[in-house]
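Report on the structure given below.
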Amino acid sequence: MDQDSHRPAEKELLEAVSKITTVSITSPSDEEQSHPKAEISCQVRKENPEKDDLQDSSASLSPNSSMTTKELQEYWRNEKRQCRHVKLVFEIPSTRIVEHHLSKYVMYKIIILQTGSFDSNKSVIERRYSDFERLHRNLLEEFSEEMEDVTFPKKALTGNFTEEIINERKLAFKDYLRILYSMKYIRRSKKFIDFLTRPELQEAYGCLRGGQYTKALEILLEVIGLQERLTRSNPVSVVPTLCAIVVCHKDLENPASAFEYGEKALAHLHVHTSHRYYMPLLETMITLAYELGKDFLTLQEKLEEWKAKKDPVRVFTLKELAVREYVK
């Protein structure tokens, strides 16, 4: 079938995409999302949070008009799946007291579960009082109106390590996280997501830089599930973590697993070819595909197409990019 016969179908699909992106213009701007107005009530968001999430996510999409009909259809199917709001619950079942020389503090074990079905991929993290306190302070700076009725457990002058105080704080922090997560702008904020993922990611990237690929991979695989759930409205944000997993698997001589995670990262970058990870990831995937006996010519064509559109500049390898993440 000649190329012209595809054009009516492509034109029809592109017109549908245009309507979707036109509707998204009415969504809040980036500035309004960063500084939401007081009129945006929590009641409205509670009534239909899934609809809000879908509209906000569609506003950030920008399908490439050069995509084929099949590619556009697959792109929108994937995005619709990503847009579904995943509801999470927070449990704090236990604590432990840590003593280091002159310091002593309580670590709260936080279990994060997905509601609606049995969750075999629960996430477990630990945070101390000062971590919660820093999060609260940071959120007050950006979301003062939303946070004005959110209470935070005060630090007692004495008795911080009694069973009674610890149990009270377990319940208070559980409720605190539930309230924060119920507010769309806060649960999507970088500060909230960093609170739940950054310490583990920093440790993982530190191991990666030190050549401890097995340990780094272990941590990254634990974090990626939670990170994906927290960033459904912005799936591109997990690309660095996926690429770090690719690097670890590749250096541990697990090319099949590296290729699997590389495909996930490429899917997120399908219409974000200007992303700094796109070209290094393509180069790595070509090498892996060749090694595994997979189709590397399609990937090679995409790479050549990208190079033809961009000015020749210094580009880091995938590993060089990965080791630069979370460097203070």
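The values are calculated or read from the model by the stated rules, or taken from the named source; none is laboratory data. The shown structure was predicted, so the numbers you read here are calculated from the model rather than taken from an experiment. So basically every Cβ, Gly included, is an ideal-geometry build from the backbone, and we count neighbours across all protein chains shown. Heavy atoms of the whole protein, side chains included, go into the accessibility calculation; ligands, DNA and RNA do not. Shrake-Rupley method; radii C 1.70, N 1.55, O 1.52, S 1.80 Å.
Is it the case that E218 is part of a helix (DSSP H, G or I), among the acidic types (D, E), open to solvent by 80 Å² or more (accessible area, probe 1.4 Å) and not assigned by the TED database to the domain that holds P240? So E218 fails the test.
Residue by residue, here is whether (1) in contact with an Asp or Glu (Cβ under 6 Å, 6 or more places away or on another chain); (2) in a helix (DSSP H, G or I); (3) open to solvent by 60 Å² or more (accessible area, probe 1.4 Å) holds:
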site	(1), (2), (3)
I245	no, yes, no
C248	no, yes, no
E263	no, yes, yes
L281	no, yes, no
L288	no, yes, no
D295	no, no, yes
F316	no, no, yes
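Of all residues in segment 220-258, those being in contact (Cβ under 8 Å) with a residue 60 or more places away in the chain, in contact with a Lys or Arg (Cβ under 8 Å, 6 or more places away or on another chain) and closer than 19 Å to R276 by Cα number 2.
Taking helices (runs of 4 or more DSSP H) as the structural unit, those lying wholly within segment 146-213 and holding at least 1 residues that are closer than 19 Å to I110 by Cα and of a type in the set (D, E) correspond to 163-182, 190-209.
Here R229 meets the list (1) open to solvent by 70 Å² or more (accessible area, probe 1.4 Å); (2) at pLDDT below 95; (3) basic (K, R) almost entirely, failing just condition (1).
Could you tell me whether any residue of segment 265-279 is surrounded by 15 or more Cβ atoms within 10 Å (Cβ to Cβ), free of Cβ contacts under 8 Å to residues at least 24 places away in the same chain, outside any helix (DSSP H, G or I) and assigned by the TED database to the domain that holds T241? Among the residues of segment 265-279, not one is surrounded by 15 or more Cβ atoms within 10 Å (Cβ to Cβ), free of Cβ contacts under 8 Å to residues at least 24 places away in the same chain, outside any helix (DSSP H, G or I) and assigned by the TED database to the domain that holds T241, which makes the answer no.
Within segment 186-212, being crowded, with 20+ Cβ neighbours inside 10 Å and farther than 23 Å from Y129 by Cα holds for Y205, L208.
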